[in-house]
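Asker: Input: one structure, supplied below.
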Amino acid sequence: MAVVDDLMVGVRIEEAAKGIGARAEAVSSYEEARQSLRSGVVESLVVDLAISGLDLDKLVREARQARAWLIAFYPHVNVELRRAAKRAGVERIYPRSRFLRDLPNILRERLDK
């Protein structure tokens, strides 16, 4: 699952997952992601840290409870978002440009674990 408010980024994530034999669904709101996590069917979560209304601490807690791994990306000019994600306990945090450039490899690496 991917929480992004940019339709094109969501499509890129879905296509990259499909290309490595996985399935991804992009949602545009924090609340949709929380509902999916509570359903117990989400194994992974990709989060755009710049999404409006994101309560990252709560999302990290809920992802851990659901045993879902979490990857986050942020606009490279906003290093405070990276710092907040690190404080919240997100292990994989990428600048948006690197995340999009290396997307298939990033997803493959996480799926192989």
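The values are calculated or read from the model by the stated rules, or taken from the named source; none is laboratory data. What you are looking at is a predicted structure, and each value in this text was computed from that prediction instead of being measured. Glycine gets a Cβ as well: all are built from the backbone with ideal geometry, and neighbour counts include every protein chain shown. Ligands, DNA and RNA are stripped out before the accessible areas are found, and what is left, the full protein with its side chains, is counted by its heavy atoms. Shrake-Rupley method; radii C 1.70, N 1.55, O 1.52, S 1.80 Å.
Asker: Can you find even one residue in the range 104-113 that is basic (Lys, Arg), more than 16 Å from Glu25 (Cα to Cα) and open to solvent by less than 70 Å² (accessible area, probe 1.4 Å)?
Answerer: Yes, the range 104-113 has at least one match.
Asker: Next up: Working carefully through the options Arg101, Arg83, Arg110, find the one that is of a type in the set (Lys, Arg) and in contact with a Ser or Thr (Cβ under 8 Å, 6 or more places away or on another chain). Write out each step before concluding.
Answerer: Values: Arg101 fails: in contact with a Ser or Thr (Cβ under 8 Å, 6 or more places away or on another chain); Arg83 fails: in contact with a Ser or Thr (Cβ under 8 Å, 6 or more places away or on another chain).
So the residue among Arg101, Arg83, Arg110 that is of a type in the set (Lys, Arg) and in contact with a Ser or Thr (Cβ under 8 Å, 6 or more places away or on another chain) is Arg110.
Asker: How many residues does the range 66-97 hold that are open to solvent by 90 Å² or more (accessible area, probe 1.4 Å) and closer than 21 Å to Arg23 by Cα?
Answerer: In the first step, residues of the range 66-97 are kept if they are open to solvent by 90 Å² or more (accessible area, probe 1.4 Å); the result is 67, 76-77, 83, 86-87, 91.
Filter again for closer than 21 Å to Arg23 by Cα, leaving 67.
Final tally of qualifying residues: 1.
Asker: Name every residue in the range 59-73 that is β-branched (Val, Ile, Thr) and not in a strand (DSSP E or B), in order of residue number. Can you show your working first?
Answerer: First pass over the range 59-73, keeping only residues β-branched (Val, Ile, Thr): 60, 71.
Selection gives Val60 alone.
Asker: Can you name the residue in the range 1-44 that is open to solvent by less than 30 Å² (accessible area, probe 1.4 Å) and of a type in the set (Gly, Ala, Ser) and, of all such residues, is nearest to the chain's Cα centre (by Cα)? Break it down stepwise before answering.
Answerer: Of the range 1-44, the ones open to solvent by less than 30 Å² (accessible area, probe 1.4 Å) are 1-4, 9-10, 13, 16-17, 24, 27, 30, 33, 36-37, 42, 44.
Next, only the ones that are of a type in the set (Gly, Ala, Ser) stay: 2, 10, 16-17, 24, 33, 36, 44.
On the way: Ala2: 5, Gly10: 10, Ala16: 13, Ala17: 13, Ala24: 11, Ala33: 10, Ser36: 13, Ser44: 8 Å.
Within the range 1-44, the match that is nearest to the chain's Cα centre (by Cα) is Ala2.
Asker: Ala63 - would you say it is touching a residue at least 40 places away in the same chain (Cβ under 8 Å), in contact with a helix residue (DSSP H, G or I) (Cβ under 8 Å, 6 or more places away or on another chain) and buried (at least 18 other Cβ atoms within 10 Å of the Cβ)?
Answerer: When the stated conditions are applied, Ala63 does not pass them.
Asker: In addition: For Gln35, all conditions in the list (1) modelled with pLDDT of 90 or more; (2) assigned to a helix (DSSP H, G or I) hold save one; what is the number of the exception?
Answerer: So the condition that Gln35 fails would be (1).
Asker: Sticking with this one: Answer yes if at least one residue in the range 29-41 is among the β-branched types (Val, Ile, Thr) and in contact (Cβ under 8 Å) with a residue 12 or more places away in the chain, and no otherwise.
Answerer: No, the conditions are met nowhere in the range 29-41.
Asker: Among the aliphatic types (A, V, I, L, M) and at pLDDT 90 or above: is that true of Ala72 in this structure? Quick ask: steps written out before the conclusion?
Answerer: On the way: among the aliphatic types (A, V, I, L, M): yes; at pLDDT 90 or above: yes.
Judged against the criteria, Ala72 is a match.
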